[in-house]
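So that we are looking at the same thing, I have put the structure below in structure tokens.
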Amino acid sequence: MNRRISLILMVAAILLVAAFQVYWLNVNYEQQNRDLRYRTNFLFRETILDLRASKLKLDTTARLRYGLPPDVSRFMDAIRSKITDSATATQRPSHPLEIISLEKKGGLGLADSVPRAGYRSAGRFYEFLIGIDSLQDSLKVRDITFAYTATLKKENVDVPFCVVRSLDTLKGVNPPKPEWNKVTVGFSNPVTYTLELGNTFPFLISQLTLQVVFSIFLIGLTITAFVVLYQNLKSQQKLTDIKNEFISNITHELKTPISTVGVAIEAIKNFNVLETPERAREYLDIAGNELNRLSMLVDKVLRLSMFEKQATELKFEHFDIKQLAEEVISSMRLQFEKAGARVYLSTTGESFIINADKIHVTSVLYNLIDNALKYSGNNPVVHISIGCDSGFCTLRVKDNGPGIAEEYKDRIFDKFFRIPTNNRHNVKGYGLGLSYIAHIISQHRGEIRLESEPGKGAEFIVNLPVND
């Protein structure tokens, strides 16, 4: 139940992080889109005005004569804007030249409100404006497109666009709302050029590459962290279950030798067993064997504690590993006789002295031989060989059991792992022996490997350095 809640919380956190990143990218995308629109519209307006100024080609004397500023194109737009605003404000017919009268007795003049002394100068000014305005036809869409393409390239803006040309007329009373992607030029016959952008998504995404990569990395890192955390949670839960089962089993196993020893001692005390030496020796042997079994169980618990600490204190000393193997085999003689096993020891080399922790190496030998005995089945045969050279001593323990399948070879040294047999284990164990052996051999800077085929037994090969 707790694991399910943890999984739900992890998935919810991942979804929230992903949703926030999508929202953040969307905000950045909209901001980039607005900036792009403002930038392209400004560049479009500047391109048209610069191109128009270069097309007019007014000489210096004309500008001085009429008092015009050097930037004639912007001056023309200002005049047209003022006239447009005046015409819409007075609700007169929408023609920008209505303030200039052409009906003054066959000549050019201004309205009656204009003093007659100014007719001549105003007429010349009008002719000048008409002359300039006539040049607007030389401003072609093709020229604007070419100039604007060069401007965008210079500004490193790669977006598709098109320019639309349309005649402009003043309609209605209220002035139209300004559209920044439109530029109107001309005085008597205004022309509007409209910038229409194409698909800007690729360009905007290229501008957001770092943000997109960062978001993907953050989401991926979050998912990876939660997956690893969930896998560790599952692993810890599994180890907890196995440990609880281990404690339950070993508690039951501890009760058996304690009860047996108690019964033996009670029999010796209460049934005059001491008067019969043979019977007393039998009870004492039973008690001794059970105490040895109890000692082994306690040793397994201590190994479990050692694995939790992930550290082992080694005490190196020089000893003869061949002699040690003979002692271990001798101490297990009763077990061999009880199982009807045949054990063979062979050695190669001249010197078998190594520098290692004698107690732990003894446990390694005992566990390897004990496993070979337990997993050989009926009529067990165990072959033990020791070979030493100048650098390493090689210990081999081979049995004639069913062998180990290929898919379990890499896991056989894992803590608590036991080869599955349909939820039945014919041989009692706790999955600690081989993992303990691998740990000790690693601490001695040696190596252990398994060679086995199903139906042909298993052989464990240990290489230990002669010197520490």
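Considering only residues that are part of a strand (DSSP E or B), under 19 Å from residue 371 (Cβ atoms) and among the aromatic types (Phe, Trp, Tyr), which ones fall in region 311-359?
Passing the criteria: only 344.
A follow-up question, please. Could you look through region 344-364, keep only residues that are under 13 Å from residue 330 (Cα atoms) and at pLDDT 90 or above, and pick out the one that is surrounded by the fewest Cβ atoms within 10 Å (Cβ to Cβ)?
344
Among the residues of region 367-386, which ones are under 13 Å from residue 321 (Cβ atoms) and assigned to a helix (DSSP H, G or I)?
Of everything in region 367-386, just one residue is under 13 Å from residue 321 (Cβ atoms) and assigned to a helix (DSSP H, G or I), namely 368.
The values are calculated or read from the model by the stated rules, or taken from the named source; none is laboratory data. Small disclaimer: the values here were computed from a predicted structure and weren't measured. Please note: Cβ atoms are built from the backbone with ideal geometry, for glycine as well, and neighbour counts cover all protein chains shown.
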